[in-house]
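Participant: Mind looking over this structure? Questions follow.
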Amino acid sequence: MRRILVTGGAGFIGSNFVRMVLAEHPDCLVVNFDKLTYAGNLENLTEFLNHPKHKFIKGDICDGALVEKIIDEHRIDAIINFAAESHVDRSITGPKVFIETNVTGTLTLLEAARDKKVARFVHISTDEVYGSLALEEDAKFTEQTPPSPNSPYSASKAAADHLVKAFGHTWDVKYNITRSSNNYGPYQFPEKLIPLMINNALNGKELPVYGDGLYVRDWLYVYDHCAAVWKVLTEAPPGEVYNIGGCNEKTNLEVIDVILGRLGKPKSLIKHVTDRPGHDRRYAIDADKIIQDLDWKPSVGFEEGINKTIDWYLQNEKWLSNVASGDYQKYYEQMYKNR
């Protein structure tokens, strides 16, 4: 039986990964380790909290003694590190916590993986470490693109990537690094573009759009990202880095237009606001390596994915309202006390 430690497993991508593994890989034990910051939400995992192959532990990845205890007690053979502070706007107003979690936390996990001889360490990074592309460029980020981060968030992730590689080179920690494009789908915290716009549109609120709204991102449905990470964990040779992209480049305005059209809301709700400092113009992923080497490809196109996402939020308005109001924190605090 595979025994994996998933850090950040109550967050958006992490919880989707946990749900996928428990649903599709019954021979796998998932130890879910999450600090339950504002972005961690046990409501994301309600029907799996008592699953026999799922163990939730509240804790901080910077707590090395606790990490080592978990590895020993559960005989962990792989660590999947989703835990991260990930919102660029928050990194601009308060960068320190990004260094603490994304750099020091990753270092702590790596030390534990080295000392406990964990068989595989999969580090979940981001395409933002590569920097920005111009709108008129045809180029895309490949695994050979030199890191050139432009925000405190992406700088912290790039630093973590370098640490992972250094532990592999110096101590032979068996690692992989994945760098995905922008994820969307169920359970995403509504500070991010797509759930924010859905929530605001549903409530007749203005939709704030940075600058001209022509910033381009490659959109990846979260299930496809999770499936790719599983492929990397189970099939990739150690030491390899993989870009994971959705092959769906869209401007922010294009995404918002689709949401407004689907919800029957007027474009007059759009409000252009002052741009954020250092806003990267375009991200674009070349995912040929993982497609060719691991036989992975995105299964959900943007039109299908955005409709599934909107449907999910429409069907889960209570989840959305709990998160928007902050009530979800009371919910999971009570759930955690009862465990």
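Participant: So which residues in the range 201-222 are within 22 Å of the chain's Cα centre (by Cα) and in a helix (DSSP H, G or I)?
Facilitator: Correct list: 222 only.
Participant: Oh, and also: Among the numbered criteria (1) under 20 Å from residue 88 (Cα atoms); (2) in contact with a helix residue (DSSP H, G or I) (Cβ under 8 Å, 6 or more places away or on another chain), which single criterion is violated by residue 251?
Facilitator: So residue 251 meets the others, but not (2).
Participant: With the structure loaded, tell me whether residue 36 is touching a residue at least 40 places away in the same chain (Cβ under 8 Å) and either buried (at least 22 other Cβ atoms within 10 Å of the Cβ) or of a type in the set (A, V, I, L, M) (or both) or whether it fails that test.
Facilitator: So residue 36 fits the description; yes.
Participant: Only one of these is surrounded by 18 or more Cβ atoms within 10 Å (Cβ to Cβ) and more than 20 Å from the chain's Cα centre (by Cα): 253, 233, 260, 320. Name it.
Facilitator: Unique residue meeting the criteria: 260.
Participant: Looking only at the range 56-88, which residues are in a strand (DSSP E or B) and either in contact with a His (Cβ under 7 Å, 6 or more places away or on another chain) or buried (at least 19 other Cβ atoms within 10 Å of the Cβ) (or both)?
Facilitator: Passing the criteria: 56, 78, 79, 80, 81.
Participant: Could you say which residue among 225, 169 is closer than 24 Å to residue 293 by Cα and either more than 15 Å from the chain's Cα centre (by Cα) or β-branched (Val, Ile, Thr) (or both)?
Facilitator: On inspection, the qualifying residue turns out to be 169.
Participant: Those residues that are closer than 26 Å to residue 279 by Cα and either touching a Leu at 6+ places or on another chain (Cβ under 6 Å) or β-branched (Val, Ile, Thr) (or both), I need them from the range 84-116; list them, please.
Facilitator: Within the range 84-116, 88, 92, 93, 97, 99, 101, 103, 104, 106 meet the criteria.
Participant: When you scan the range 9-24, do you find a residue that is among the aliphatic types (A, V, I, L, M) and assigned to a strand (DSSP E or B), even just one?
Facilitator: no
Participant: Please go through the range 64-95 and give me each residue that is modelled with pLDDT of 95 or more, over 19 Å from the mean Cα position of the chain (by Cα) and either within 29 Å of residue 150 (Cα to Cα) or among the polar types (S, T, N, Q) (or both), ordered by number.
Facilitator: none
Participant: Being without any contact (Cβ under 8 Å) to a residue 60 or more places away in the chain and of a type in the set (Gly, Ala, Ser): is that true of residue 11 here?
Facilitator: It is false that residue 11 is without any contact (Cβ under 8 Å) to a residue 60 or more places away in the chain and of a type in the set (Gly, Ala, Ser).
The values are calculated or read from the model by the stated rules, or taken from the named source; none is laboratory data. Bear in mind the structure is a predicted one, so any value in this text is a computation, not a measurement. Cβ: placed from backbone, ideal geometry, glycine included. Neighbour counts: every protein chain shown.
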